[in-house]
Amino acid sequence: MARRDPETNPAAFLGGELRRARVAAGFSSQDALAARLGFDRTVIAKAETGERPPTDDVLAGWCQACRLDDELFGRMVRLARRADGPVPTWFEDWLEAEGEAQSLRIWSPMLVPGLLQTAEYARALFLAEQTDTSDDAIDALVAARLQREAILDRSEPPDVVVVLDEAVLHRLIGSPQVMHDALVQVAELSRRPYVVVQVVPASNGANAGLGGAFYIAAADGMPETLQLDGIEEQTTERRSLVRKAAVAFDRVRGDALPRDASRDLILKVADEKWKS
């Protein structure tokens, strides 16, 4: 079979090169390499078919296990990702996991999580984060973010548990009106039987989740998927990282106020601090 042209299908070309490297290194099956790297086999399969270029941590492990030039393959991955639209390729793995999830656990010490954001809250964040702040670019990003909320309106929505640090309620994003509306929406969503929102009081001081926000998606028949926020955001199914995040989530949730008390606090801050 002729090699696929990297100019017309760089992700597929990259996948073919990774597959050849895996076999040449003695990993006769995708399961064998997945076990070595600590990921689910589907991560390897999607990379090799070109469906999803590997995330940075997957690529690093692949290069080490198969003795590849990480600089060369890093350039190939960047080429494969150039076709990104408003949603980057690395994040598509998370969107797929989120869309299929039966349960979601979310910890956010800084911001209202994307799944619960209003359009104007999201817009203010994108204007601060992006280099392309044209109306078309920002509108596309906001629309992509709001589309995620559709999972909450499904006939069988996932069970969602969100834990916020109290600092989220007091951080000005956009304008006071934007903050008021954002917090009211969070409180209203928390009235749904399958959405739990809890707040860790500032008076608690340090907690186990101050290292950064994360999301964990789980469903029958699929590996748990972790999305980490930070300077270099990543989506991973590495079991050791998922376990660490799950432990941290249980600890911060143990420090949080009960559901009703959390809702009362959210609405109190919305009315007393942000209401115009």
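Values as computed for the structure displayed
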| read-out | value |
| --- | --- |
| Members of region 188-199 found to be in contact (Cβ under 8 Å) with a residue 60 or more places away in the chain and of a type in the set (Val, Ile, Thr), listed by number | 196, 197, 199 |
| In region 115-138, the residues that are surrounded by 22 or more Cβ atoms within 10 Å (Cβ to Cβ) and of a type in the set (Gly, Ala, Ser) | 122 |
| Every pair of residues 6+ apart whose Cβ atoms lie under 7 Å, when the first sits in region 143-165 and is loosely packed, with under 15 Cβ neighbours inside 10 Å while the second is among the aromatic types (Phe, Trp, Tyr) and assigned to a loop (DSSP other than H, G, I, E, B) | 159/194 |
| Selected residue (criterion: surrounded by the most Cβ atoms within 10 Å (Cβ to Cβ)) from residues of region 232-260 that are within 14 Å of the chain's Cα centre (by Cα) and among the hydrophobic types (A, V, I, L, M, F, W, C) | 245 |
| Residue match in region 192-213 (condition: touching a strand residue (DSSP E or B) at 6+ places or on another chain (Cβ under 9 Å), under 20 Å from residue 56 (Cα atoms) and surrounded by 19 or more Cβ atoms within 10 Å (Cβ to Cβ)) | yes |
| Failed condition for residue 101, given (1) surrounded by 16 or more Cβ atoms within 10 Å (Cβ to Cβ); (2) at pLDDT 90 or above; (3) of a type outside the set (Asp, Glu); (4) in contact with an Asp or Glu (Cβ under 7 Å, 6 or more places away or on another chain) | (4) |
| Given (1) open to solvent by 30 Å² or more (accessible area, probe 1.4 Å); (2) on the phi < 0 side of the Ramachandran plot, index of the condition residue 174 fails | (2) |
| Boolean, residue 164 is of a type in the set (A, V, I, L, M, F, W, C), outside any loop (DSSP other than H, G, I, E, B) and within 30 Å of residue 46 (Cβ to Cβ) | no |
| Given (1) in contact with a helix residue (DSSP H, G or I) (Cβ under 6 Å, 6 or more places away or on another chain); (2) under 21 Å from residue 263 (Cβ atoms); (3) in contact (Cβ under 8 Å) with a residue 60 or more places away in the chain, index of the condition residue 214 fails | (2) |
| From the options 161, 178, residue that is in contact with an Asp or Glu (Cβ under 6 Å, 6 or more places away or on another chain) and not charged (D, E, K, R) | 178 |
| Selection from region 18-68 of residues that are over 24 Å from the mean Cα position of the chain (by Cα), surrounded by 15 or more Cβ atoms within 10 Å (Cβ to Cβ) and either part of a loop (DSSP other than H, G, I, E, B) or among the aromatic types (Phe, Trp, Tyr) (or both) | 25, 27, 68 |
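Residue by residue, here is whether (1) of a type outside the set (Gly, Ala, Ser); (2) in contact with a helix residue (DSSP H, G or I) (Cβ under 8 Å, 6 or more places away or on another chain) holds:
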residue	(1), (2)
111	yes, yes
122	no, yes
127	yes, yes
136	yes, no
139	yes, no
145	yes, yes
154	yes, no
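The values are calculated or read from the model by the stated rules, or taken from the named source; none is laboratory data. No experiment lies behind these values; they were computed from the predicted model shown. Cβ coordinates were reconstructed from backbone atoms using ideal geometry, including for glycine residues, and neighbour counts include every protein chain displayed. The area values use the complete protein model at the heavy-atom level, side chains included, leaving out ligands, DNA and RNA. Shrake-Rupley method; radii C 1.70, N 1.55, O 1.52, S 1.80 Å.
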